[in-house]
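Notes for the one structure printed next.
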Amino acid sequence: MIGLVLVWRRTFSGSGGSGRRGEAVVMRRSSAERLRMAPVSGEEASELVVVPGHAVYTGSDFTAAKDTGNWALEPYQLLEGEAKSFMDHMELGVKELSRNPKAVLMFSGGKTRREAGPLSEASSYWQVARAFDWFGADVGVESRVFTEEHARDSFENLLFSMCRFYELTGAFPKKITVVGFQSKRARFEDLHLSALGYPSANFTYIGTPALNEKEMASGEVKVRESFNRDPYGCRGELAQKRVERDPFNEGAPYFESLKILRGLWLHINTCSQRMYKGVLPWSPGVTVK
């Protein structure tokens, strides 16, 4: 696995130094080099805390994040206090991070809204959390907060955050905590964990009530039925939603960069409706070197 890094190098023409031009130089890094440069050691990090994003921030002042008008929202999200519910998730995620010095917090969510421009849900959450001084947590937690900026639905929030954790630490998480709306608990616990073969004993879901909890719970039944028929979300409405939530057609890099999950990627690419039965790095008894 080779990573490409573009470095901008200035060159000069003429004895007077006029005629400056830029030249992009491609430097190749091996996977081993990338892991040596990882910001968090796998020996230092064991828990992944995931806060899935629900919207992209469009305001210029991140301290005004409680104003719903500063977010690009779907019609069903246009509720007084909806933005505050996003911030509740951010705060809970930071608090979970603070409890465990071996935890990494991942804000997850892609560039899902064309009208918001090339900004991601994940970076929106990161900027807001920092603007609010990490909700009173020790400022040192910032070094353990990262973004995953490609996920388009809850399944990808979970899987892609695990992939980012690996990119950052060189290992997969031994424990995962997800912070989200209570109505989505069963989707994660009963469907996504099974699709990924991740041990349920090592998973915790922290749920908060949505402002429109009754309506969300009703719609959630249909979403769970879809994921039950299509656990990897590659058909019908689930696949169409992913297309709509990737207006800049960026896709995700993990299918190419994480060769360690080759078997799972091949299974997902076949759009199989069956659960993957192969051995995964987080399968019980497996040791990844």
- [ ] Scan around TRP71 for amide H atoms under 5 Å from its own, H built in the peptide plane at 1.01 Å from N, and keep only partners 5 or more places away or cross-chain.
- [x] THR58
Open item on the list: Compute for region 41-269: radius of gyration divided by Kirkwood radius, i.e. Rg/Rh, restricted to C-alpha atoms, rounded to two decimals.
Closed with: 0.93
Open item on the list: Could you give the length gained by full extension between ARG99 and ALA239, i.e. 0.36 nm per residue of separation minus their alpha carbon distance, to one decimal place?
Closed with: 46.7 nm
TODO: Quick one: which residues, 5+ away or cross-chain, put their amide H under 5 Å from the amide H of VAL50? H built at 1.01 Å from N.
DONE: MET106, THR177, VAL178, VAL179
Task: Packing-based order for 234-243, 126-135, 72-81, 164-173, using average beta carbon neighbours within 10 Å, highest first - done: 164-173, 126-135, 234-243, 72-81
TODO: Read phi for every residue in region 89-105 and hand back ³J(HN,Hα) as whole Hz from Karplus 6.51 cos²θ - 1.76 cosθ + 1.60, θ = phi - 60°, with x for Gly and Pro.
DONE: 5, 4, 5, 4, x, 5, 5, 4, 4, 5, 6, 10, x, 9, 9, 10, 9
- [ ] Take LEU211, LEU196, LEU48 and order them by how many other Cβ atoms sit within 10 Å, fewest up front.
- [x] LEU211, LEU196, LEU48
Task: Dimensionless Rg over Rh [region 159-220; C-alpha; Kirkwood] - done: 1.04
- [ ] Read phi for every residue in region 246-258 and hand back ³J(HN,Hα) as whole Hz from Karplus 6.51 cos²θ - 1.76 cosθ + 1.60, θ = phi - 60°, with x for Gly and Pro.
- [x] 10, x, 9, 6, 8, x, 9, x, 5, 4, 9, 7, 9
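By count of other Cβ within 10 Å, fewest leading, how are ILE260, ILE176 ordered?
ILE260, ILE176
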Task: Convex hull projection area averaged over all views, region 45-160, Cα basis, nm² - done: 6.8
Task: Mean Cα-pair separation over length for region 41-269, i.e. relative contact order, pairs under 8 Å, 6 or more apart, % - done: 23
Task: Long-range amide H partners of THR208 with built H, under 5 Å - done: GLY180, PHE181, GLN182
- [ ] Give the Cα extents of region 108-213 along the principal axes, in whole Å, largest first.
- [x] 35, 35, 27
Task: region 41-269 - share of DSSP beta bridges that are antiparallel (%, nearest 5) - done: 10
TODO: Treat every Asp and Glu Cβ in region 164-278 as -1 and every Lys and Arg Cβ as +1, leave all other atoms uncharged, and give the resulting dipole magnitude about the Cα centre to the nearest 20 debye.
DONE: 360
Open item on the list: Let me check I have the definition right: for region 134-179, take the eigenvalues of the Cα gyration tensor, multiply each by 5, take square roots. What are those semi-axes in whole Å, largest first?
Closed with: 20, 14, 10
Open item on the list: Set the bar at 24 Å for Cα to Cα. Now go through LYS66/LYS95; LYS184/LYS241; LYS184/LYS214; LYS174/LYS214; LYS111/LYS241 and name every pair that lies beyond it.
Closed with: LYS174/LYS214
Task: For region 196-204, Karplus couplings with θ = phi - 60° (6.51, -1.76, 1.60), whole Hz, Gly/Pro x - done: 9, x, 8, x, 5, 5, 9, 10, 10
Task: Whole-angstrom gap from region 224-288 to region 58-76, using each part's C-alpha centre - done: 31
Task: D_trans [Stokes-Einstein, Kirkwood Rh over alpha-carbon pairs] for region 195-289, 25 °C, 0.890 mPa s, µm² s⁻¹ - done: 154
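Every number here is computed from the coordinates shown, using simple stated rules; none is lab data. Remember, predicted model here, so these are calculated numbers, not experimental data. Using ideal geometry, Cβ is built from the backbone for each residue, glycine included, and neighbour counts are taken over all protein chains shown.
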